[in-house]
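Heads up: the structure comes next, in structure tokens.
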Amino acid sequence: MSAGVIAMQAWYTRKSVAASVEATRVAESALRESQIARIEAAVPRLSVRVNGPVYVTGLTYAEKWPFTNVPQSATFVLPRDAERLVQVQHTVTVTNDGPGTATITPHAVFGGYMMELSTQIPPGESGDFDLLIARPVSEWADLERKARNTAISRGPEAARFTFTYEGPRDADVTEVHEVVIRGSVLTESEDANGVWRPHSDTDFGAFMNIEVLPAKRTYWRSRAAREEIRG
């Protein structure tokens, strides 16, 4: 057999293998899209809304429980008040556009706390969740310094929370919405070293802000077997 014939056979073999691999890839992609489409048809359409920037209204502080309101004129002196807790609260709204009822599980990832109780939201309705961040004055001061002295355009993270939907079926979806609060509730007084005060109502949104990150979805071929549908 001539070298030319052998080369031609090798070329046809490679072409056949490549065509087979491509056909397998197309079939797997079509199967994956079909599985995701079936799951998607039953997944509630969820949206997470933050109600404007975080404002100083409702700011509280404590040396011990319970917290009391912080007046706008309040000042905190370091290191004397380093361990005094100052708390800010904000509300997040989760809306379910259906189909079906969605069970939402909130979680404080770091920097804050909340009632971590699963909440059922029927289609066409919404649920409100209160986010709480209680930090010592020293930590709020550190966050403010980081915001001033670094190139972080949106400010350092003060807290992070998640809101998770777990589909009830074995072949279903896990959808996670993350909410990040950045910045500090306190600012250093310009005319007194070591004295800190709350940001004013007018400038607070510029120094303490909140955002909802894009939702992350995991599609399960079998949740029990921990088998994901990967793209």
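Results, tabulated for the structure shown:
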| item | result |
| --- | --- |
| Boolean, residue 173 is at negative phi, touching a helix residue (DSSP H, G or I) at 6+ places or on another chain (Cβ under 8 Å) and modelled with pLDDT of 95 or more | yes |
| Residues being among the hydroxyl-bearing types (Ser, Thr, Tyr) and under 14 Å from residue 216 (Cα atoms) - total across the stretch 172-186 | 1 |
| Residue that is nearest to residue 84 (Cα to Cα) [pool: residues in the stretch 105-141 that are free of Cβ contacts under 8 Å to residues at least 24 places away in the same chain and more than 19 Å from the chain's Cα centre (by Cα)] | 139 |
| Count of residues meeting criterion [outside any loop (DSSP other than H, G, I, E, B), surrounded by 13 or more Cβ atoms within 10 Å (Cβ to Cβ) and out of contact with any helix residue (DSSP H, G or I) (no Cβ under 7 Å at 6 or more places or on another chain)] in the stretch 64-90 | 6 |
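Yes/no matrix, rows are residues, columns are (1) surrounded by fewer than 14 Cβ atoms within 10 Å (Cβ to Cβ); (2) more than 15 Å from residue 175 (Cα to Cα):
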residue: 92; (1), (2): no, yes
residue: 111; (1), (2): no, yes
residue: 115; (1), (2): yes, yes
residue: 118; (1), (2): yes, no
residue: 124; (1), (2): yes, yes
residue: 130; (1), (2): yes, yes
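Okay, residues lined up against (1) among the polar types (S, T, N, Q); (2) within 23 Å of residue 48 (Cα to Cα); (3) in contact with a helix residue (DSSP H, G or I) (Cβ under 9 Å, 6 or more places away or on another chain):
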position	(1), (2), (3)
114	no, yes, no
120	yes, yes, no
125	no, yes, no
131	no, yes, no
138	yes, no, no
141	no, no, no
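The values are calculated or read from the model by the stated rules, or taken from the named source; none is laboratory data. It should be emphasised that the depicted structure is a prediction, and the values quoted were computed from it without experimental measurement. Cβ coordinates were reconstructed from backbone atoms using ideal geometry, including for glycine residues, and neighbour counts include every protein chain displayed.
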